[in-house]
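Heads up: the structure comes next, in structure tokens.
We did not get these values from a lab; they are worked out from the coordinates using the rules stated. As the structure is a prediction and not an experimental result, all values here were calculated from the model. Glycine also receives a Cβ, built like all others from the backbone with ideal geometry; neighbour counts cover every protein chain displayed.
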Amino acid sequence: MRAGSSAAERRCTEEIIREEIEHDGDLRGLRKVVAFVEDQCRQNGVSAEDRTALRLATEEVFVNILEHGYEAGSGSVKIEVQRDEDRLRVTFRDRGRPFRPGDAPSPDLDSDWSDRRVGGLGWHLVRSSVDEIDYRRDEGGWNVLRVTKEISRDNGDDSDPIG
């Protein structure tokens, strides 16, 4: 979403629903980005459990793009949410440094907490939260990262399993 703008572009077809925002800024925009994805999940009837998983993945990916992709910790990120049948996809586009999620090291989950280094769990959490992660660098120099979650429909329970 451009700073100061709250409008989202809506494109609909018979089976695919897409919403897109662009955020030019820094980590202060995290709340707006997460609210955008959360709102799209609610509008598409995504269960509370799946909304939580997608929210976690969105937070981690967005923070990683800004903290590691852009040297100054801020830059443009385009986020698109697409629902197709029983899947919801969140696509992130940025012009930061290229980063293939498959290159992220596996976290140390076996050592005692006091012996582990701080950080390094982000991509583990993303991988655990979604069903697919796809990354490519397009010809225009954009990083395109898509996370896909097989979704179950909301049973009317609007509660948030993590608060």
(message) Calculate the FRET efficiency for D103 and S152 from the Cβ-Cβ distance with a Förster distance of 35 Å, rounded to the nearest 0.05.
(response) 0.65
(message) Starting from 0.36 nm per residue, how many nanometres of slack lie between R42 and L27 once their C-alpha separation is accounted for?
(response) 3.1 nm
(request) For I151, enumerate residues with amide H under 5 Å from its amide H, sequence gap 5+ or separate chain, H modeled in the peptide plane. (result) R87, L88
(request) Beyond 20 Å, what share of the Cα-Cα pairs of the stretch 36-113 is found? Please give it as a whole percent. (result) 44 percent
